[in-house]
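Take a look at the structure below.
The values are calculated or read from the model by the stated rules, or taken from the named source; none is laboratory data. None of these values were measured; they are calculated from a predicted model. Ideal geometry is used to build each Cβ from the backbone, glycine not excepted, and the neighbour counts take in all protein chains shown. Heads up: the accessible areas ignore ligands, DNA and RNA and are worked out on the full protein's heavy atoms, side chains in. Shrake-Rupley method; radii C 1.70, N 1.55, O 1.52, S 1.80 Å.
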Amino acid sequence: MSGIIGKKIGMTSFFDANGKYVPCTVIEAGPCVVTQVKTNEKDGYSALQLSFDEKKEKNTSSAMKGHFALAKTTPKRKVVEFRSFEEAKNLGDVITVDLFVEGDFVDVVGTSKGKGFQGVVKRHGFSGVGGSSHGQHDRQRAPGSLGASSDPSRVLPGKRMGGRTGGNRKKVQNLEVVKIMADKNVILIKGSVPGAKGSYVLIEK
Amino acid sequence: MSLLLDYVKKQLTPEVKHPKFKAGDTVTVHYKIKEGDKERIQQFSGVVIQRKNEKATASFTVRKISNGVGVERIFPVASPFIDKIETNKVGVVRRAKLFYLRARTGKSARIREKIQNNEEA
């Protein structure tokens with residue numbers, strides 16, 4: 001599984017050749033530098049470590065400075081490992097959006113937007129309790145019964161309730177690559193992608 | 001808006017060939033409609049009550065009164081289905097969005113027309 005690190009820029013839409021209006025997410029992807037090659041013999045598993053996005057040297061720890069110096073590159077902000085990369089790459093190699101072609105289907109991983117403490121309707125898709133008429137009130141977004149009565153006399157573990165929502169790692173599969181602008185390292189992916197503008201995403205092939 | 005997003009939107013915008021028009025103008029939009037494999041052109045004319053967004057996502061809303069019922073239609077400027085746009089009247093308005101027209105009918109819903117001679121001089 002090959003991949004690249006990107007940054008979500010925003011969304012837009014355009015008319016394609018068939019006259020269909022295509023909504024798409026603009027992602028600034030790469031260029032990523034290979035900063036470490038992990039092998040079965042040395043590390044117990046094989047992976048490729050990619051780094052993306054410039055960072056000031058003064059904001060980089062000495063340890064990381066040394067790590068980036070090994071790959072003969074400048075300090076980077078985001079460092080991610082990709083397991084079982086399809087193409088063989090060496091230390092210091094640069095990976096760009098050329099990895100993908102228009103029409104490819106990719107998976108995108110991102111950190112979804114944090115929603116704070118949410119009830120069960122938003123968090124788990126419950127439909128609430130009761131109607132709005134016949135004297136009912138205050139129950140429209142309630143979770144309903146949590147379980148049976150004296151047997152088992154407790155709420156079973158894993159019962160879905162309200163709580164912190166969003167802000168998790170999310171992967172969206174099979175999104176189409178609609179356009180690639182290699183000169184600006186931009187890739188356009190059909191539909192939406194998890195995360196806020198400016199957040200990092202992984203595009204996997 | 002981010003500069004990069006701005007650039008991308010510019011790249012996605014087809015070259016515009018439509019005449020200039022703004023909110024308050026009366027326009028006729030010739031819109032291509034596909035029926036099976038036949039294509040015909042439908043006209044929709046009315047007052048432009050807003051122009052929204054820019055570049056690839058730009059659109060405009062045309063309002064007309066049809067059989068006493070207000071009808072509004074939103075067209076994307078970049079739509080390949082717009083055959084042409086004719087400007088029939090240039091209106092004088094003080095606002096960019098003319099939503100107040102929705103609450104008005106008849107005489108009070110009229111828009112003063114700009115005198116064309118001034119433009120030529």
Nearest-20 debye value, chain A charge dipole, Cβ charges on Lys, Arg, Asp, Glu: 1080 debye
Two-site FRET efficiency, B:Ile41 against B:Val69, from Cβ-Cβ distance with R₀ of 30 Å, rounded to 0.05: 0.80
Selection from A:Pro75, A:Val94, A:Leu50 lying farthest towards where the dipole of segment A:43-152 points positive, charges on Cβ: A:Pro75
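Pulled fully out, how much extra length does the chain show between B:Arg104 and B:Ile82, if you take 0.36 nm times their separation in residues and subtract their Cα-Cα distance? Intermediate values should be presented prior to the final figure.
On the way: separation 22, 0.36 × 22 = 7.92 nm, distance 2.87 nm.
Net length gain for the segment: 5.1 nm.
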Label-point gap, in nm, between B:Glu113 and A:His137 - each point 7 angstrom along Cα→Cβ: 5.8 nm
Spin-label model distance (nm) - A:Gln173 vs A:Glu87, 7 Å beyond Cα toward Cβ: 2.5 nm
Accessible area that becomes buried as B packs against A, both chains, 1.4 Å probe, Å², nearest 100: 1300 Å²
Within the accessible area of segment B:20-93 (1.4 Å probe), percent carbon and sulfur: 46 percent
Simple Cβ-charge dipole of segment B:20-93, Lys/Arg +1 and Asp/Glu -1, about Cα centre, in debye nearest 20: 160 debye
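How high is the relative contact order of chain B, given as a whole-number percent (alpha carbon pairs under 8 Å, six or more residues apart)?
Working: 202 pairs, mean separation 32.2, N = 121.
That works out to 27 percent.
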Protein-protein interface of segment B:1-21, residues with accessible area decrease of at least 40 Å², isolated chain reference, 1.4 Å probe: B:Leu4, B:Leu5, B:Tyr7, B:Val8, B:Leu12
Length added when fully stretched, A:Asp104-A:Glu204, from 0.36 nm per residue minus Cα-Cα: 34.9 nm
Net dipole in debye of segment A:1-112 [+1 Lys, Arg Cβ; -1 Asp, Glu Cβ; about Cα centre; nearest 20]: 660 debye
Accessible area of segment B:20-93 divided out per residue, in Å², using a probe of 1.4 angstrom: 53 Å²
Average accessible area per residue (Å²) across segment A:1-124 - probe 1.4 Å, nucleic acids and ligands excluded: 52 Å²
Longest segment of chain B lacking GluC sites (Glu not before Pro) that sit in a DSSP loop with at most 16 other Cβ atoms within 10 Å: B:55-121
Helix-only mean residue ellipticity at 222 nm for chain A, each DSSP H run of n ≥ 4 adding -39500 (n - 2.57), per residue, nearest 500: -2000 deg cm²/dmol
A:Glu41/A:Lys113 FRET efficiency (R0 56 Å; Cβ-Cβ; nearest 0.05): 0.85
Computed lengthening from B:Lys20 to B:Arg94, 0.36 nm per intervening residue step minus Cα-Cα distance: 24.9 nm
Cβ-based charge dipole, segment A:91-179, positive-most Cα from A:Gly163, A:Gln136, A:Thr111: A:Gln136
Selection from B:Ile65, B:Ile85, B:Ser2, by position along the positive dipole direction of chain B (Cβ): B:Ile65
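Please report the carbon-and-sulfur percent of the accessible area for chain A; probe 1.4 Å, protein heavy atoms only, DNA, RNA and ligands left out.
Accessible surface attributable to carbon and sulfur in chain A totals 48 percent.
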Expected 222 nm ellipticity per residue - DSSP helices of 4 or more, -39500 (n - 2.57), all of chain B, to 500: -3000 deg cm²/dmol
